[in-house]
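Following: one structure in structure tokens, then a few remarks.
All of the numbers you see were taken from the coordinates with simple rules; none came from a lab. Keep in mind the model is a prediction, meaning the values are calculated, not measured. Virtual Cβ from ideal backbone geometry, glycine too; neighbours counted across all protein chains shown.
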Amino acid sequence: MLNISNNKVSKLIDLKKFKSGEEIFDKEHHKLFKKFLLVFSIIILIVLFLPWTQNITSNGNVTTLKPNQRPQTLQSQIPGRIEEWFVQEGDFVKKGDTILRISEVKSDYFDEKLSERTDNQIAAKSSSVEAYKNKVSALNNQISALQQERILKLEQAKNKLLQAHLKVKTDSMDLEAIKVKTDIAKTQFNRTVLLQKEGLKAVKDVEEKRAKLQETKAKLISQQNKLLSTKNEVLNSKISISTISATYGDKLAKAQSDLFTAKSSGYDTEVEVSKLETNLANYQKRSSLLFVTAPQDGFINKAIKSGVGETFKEGEKLVNIMPSNYDLAVEMYVRPLDLPLIHVGENVRVQFDGWPAIVFSGWPNVSYGTYGAKIVAIENFISDNGKYRVLLAPDKNDVYWPEAIRVGSGAKTIALLDNVPIWFELWRQINSFPPNFYQPNKESDNSKAKKK
């Protein structure tokens, strides 16, 4: 038993005589093993030439397809103080439902009748605007009346000047006539004096002629004085025309100045009315902001600012809400090395956390528990984790995604790339080569779609 002897027991005893020996030594097991190795090698060789789909695996999260369907926080546009909550966490709210009521914390808006008083100020200022408009209208009428009056006054003064010119001509003619009469009277007087010296005329005749001569000289002087007076009237008429033009020009200038002042004051008042109307609209809008309402149908996830009496600043987060209607999507992250292999419209298989699956990454048709998706967007800028974000949408031609999936749950993605033999994929993996770089043939895809 200790095998310390050189004598072999097997030489002395024929083990084949025993039943167990017949069962063991008569069978040729190596032949079966050789057949097994041969069949296994043939199967392995065939498998090496089977098609294998290259892929890029990644971990992702369930999200929504549209930005407005993702969880959002509600903020207040104004600072305030929480007065009353109308919901609790988990409640369903419809668009426009009031979530909480707040109150003002700024002293400028403490007055509860601020809008009413502003409205009264607008009414008063509007009346002032109407008054200025009436004043402008009255000044326009006054200017029109002054212009009409100036025209009439100037016409009157011009007529008077024309009369004075005609009177000067008349007086000049009368003066010439008197001069002629004076010369005749002087000639007659001299003739009478000569005749009296010759004794042909009496002294009485000489005295009569002398008196008549003196009379004509007096008329001549009187007519000269009258002519000068008439010429003075012409000058006065000209001065009157100038005075009328200057006087009415001054009056019109003052009236126009008052008109422009009234217009300017009216415009200033209209600006004040506009500012007050803007303030009133802001006050009314601010009053509506005292109630925080739901922007869309959804569920209240979390109250970030809780309690009553807590104050907050404008833009500070108050409550988190999740929209009730959303289109599911998955966001996956790929390495920069794999980004050139990803194209919009390519197929991706998705495995969700909590759903059992048997995955054959290279044979997507054999995998069980995975769901189809298509790439709809590729981020153009790298994310904080050093990878590029890719957004996936459900494939409408594949099985519908489970209804129980919630936004934020985990997912594993398999982006399907080029089809290669298995031996090539093993060789690539052993040498740590990247997947094949390729471009999808969109023209062939479009032609196939048209044929269908």
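Ranked by the mean number of other Cβ atoms within 10 Å of their residues, highest first, the peptides 123-133, 396-406 come out as 123-133, 396-406.
With the simple model of a label 7 Å out from the Cα in the direction of the Cβ, residue 258 to residue 384 spans 7.3 nm. Here r is the Cβ-Cβ distance between residue 191 and residue 221 and R0 is 35 Å; the resulting FRET efficiency, rounded to 0.05, is 0.90. By the count of neighbouring beta-carbon atoms within 10 Å, fewest first, 66, 374 end up ordered 66, 374. If a spin label sat at a point 7 angstrom from the Cα of residue 106 along the line to its beta carbon, the backbone N atoms of region 293-333 nearer than 15 Å would be those of 312-316. Highest mean packing first, where packing is the average number of other Cβ atoms within 10 Å per residue, the peptides 107-120, 177-190 line up as 177-190, 107-120. Sorting 94-101, 323-330 by their mean Cβ neighbour count within 10 Å, with the most densely packed peptide first, gives 323-330, 94-101. A Förster radius of 56 Å, combined with the Cβ-Cβ distance separating residue 133 from residue 346, puts the computed FRET efficiency at roughly 0.20.
Taking the charge dipole of region 114-288 about its Cα centre, with +1 at Lys and Arg Cβ atoms and -1 at Asp and Glu Cβ atoms, the residue from 118, 166, 271 reaching farthest to the positive side is 166. The stretch between residue 66 and residue 377, if pulled fully straight at 0.36 nm per residue, gains 110.8 nm over its current Cα-Cα span. Distance between the pseudo-spin-label points of residue 250 and residue 172 (7 Å out from Cα toward the beta carbon): 3.5 nm.
Lys-Lys pairs in region 239-290 that are eight or more residues apart or on separate chains and whose Cα atoms lie under 29 Å of each other come to 4.
State whether region 244-380 is rounded, prolate or oblate according to the following rule on the C-alpha gyration tensor (a ≥ b ≥ c being the square roots of its eigenvalues): a/c under 1.5 gives rounded; otherwise a/b larger than b/c gives prolate, and the remaining case gives oblate. In terms of gyration-tensor shape, prolate.
When only the Cβ of Lys, Arg, Asp and Glu is charged (+1, +1, -1, -1), the dipole of region 114-288 relative to its Cα centre reaches about 1060 debye. A Förster radius of 41 Å combined with the Cβ-Cβ distance from residue 179 to residue 149 puts the calculated FRET efficiency at roughly 0.40.
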